[in-house]
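All of the numbers you see were taken from the coordinates with simple rules; none came from a lab. Keep in mind that this is a model prediction, so the values were computed, not measured. FYI the Cβ positions are ideal-geometry reconstructions off the backbone, even for glycines, and counts take in every protein chain you see.
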Amino acid sequence: MLKAVIFDLDGVITDTAAFHFIAWQKLGNKLGINITEAFNEELKGVDRTESLRRILALENQEQAFSTSEKAALATEKNDFYVTLIEEITPVDILPGISELLDKLKQQNIKIGLASASKNAPTILAHLGLSETFDTIVDPATLKKGKPDPEIFIQACKQLAVSPAESIGVEDAYSGIQAINDATMYSIGIGDSKTLNEANYVVSTTRELTYKKICELWQNK
Ligand code: UVW
């Protein structure tokens, strides 16, 4: 029986990639590092510290900063990012997601959030979804980021469900790997070639209806 659906945030519930891009670009300009939109795509689902490491590596600047200087750079990026996400409102919930969340609630299926973003609670508040999620994993408590399954396993624990009774929804390849390795059923949102390891892929959130989820669960 399906007991829980655990969602990634960025690219699944709302799209914050553009805000991350603007904030990383601002920092990149200061450091003389060009950050392209394609590179920003590779940072999807990657936590802040690791994103900064990858950005500095673009220009072999990883060793140019001490640990505390890198922490200050990450904070600088985040402070700007936080001002940008102030603009987020419920209108920014991706198509079909509100309806899906409502249906899951009506059916008593638990709803969890497994996002690497430390800003996730703030973003959910801006979207008016704080009360909708039964649990949010705090990424600061985890040892490893995606593709490690830890975040999804932790979400299942917090919801008191087993991974075999749960679906994970992700838009990033590393996220799909994390769901699969947690032994949950994985649904990818995006390009079926990129997300080829998912149990099922929809091209947009609009296709992710409660009916579709029930069909997939019955036929898995
Ligand atoms: C990520 O690390 C993905 O996001 P944030 O900077 O919001 O914590």
Mind pulling the angle between the C-alpha long axis of helix 150-159 and the longest principal axis of the chain? Nearest 10 degrees, somewhere in 0 to 90.
50
Dividing the mean separation of Cα pairs under 8 Å (6+ apart) by the residue count of the chain yields a relative contact order in percent of 25
Can you compute 3J(HN,Hα) from phi for each residue in the stretch 96-107, using the Karplus curve 6.51 cos²θ - 1.76 cosθ + 1.60 with θ = phi - 60°, rounded to whole Hz and x for Gly and Pro?
x, 6, 4, 4, 4, 4, 4, 5, 4, 4, 4, 8
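Classify the stretch 1-42: rounded, prolate or oblate, from the alpha-carbon gyration tensor (a ≥ b ≥ c, eigenvalue square roots; a/c under 1.5 rounded; otherwise prolate if a/b is larger than b/c)? All intermediate terms of the calculation are to be shown ahead of the outcome.
Values: a/c = 4.39, a/b = 3.60, b/c = 1.22.
Since a/c reaches 1.5 and a/b is larger than b/c, the shape of the stretch 1-42 is classed as prolate.
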Give the residue from Ala140, Thr122, Ile55 lying farthest towards the positive end of the charge dipole for the chain; charges sit on Cβ (+1 for Lys and Arg, -1 for Asp and Glu) and the dipole is referred to the Cα centre.
Ala140
Measure of compaction for the stretch 17-85 (Cα Rg per 2.2 N^0.38 Å):
0.99
Hey, what angle do you get for helix 17-31 against the long axis of the chain, alpha-carbon based, 0 to 90 degrees rounded to 10?
10
Dividing the helical contributions, -39500 (n - 2.57) per DSSP H run of n ≥ 4, by the residues of the chain yields a 222 nm value, nearest 500 deg cm²/dmol, of -13500 deg cm²/dmol
Which of the lysines could a cross-linker span from Lys3 if the Cα-Cα distance has to be under 22 Å and same-chain partners fewer than 8 positions apart are dropped?
Lys103, Lys105, Lys110, Lys157, Lys211, Lys212, Lys220
At q = 0.10, 0.13, 0.14 Å⁻¹, what is the base-10 log of I(q)/I(0) for the chain according to the Debye formula with one equal point scatterer per Cα and no solvent? Please give it to two decimals.
-0.44, -0.73, -0.84
Would you please classify the overall shape of the stretch 110-163 from the alpha carbon gyration tensor, given that a ≥ b ≥ c denote the square roots of the eigenvalues, rounded means a/c under 1.5, and beyond that prolate means a/b larger than b/c while oblate covers the rest?
oblate
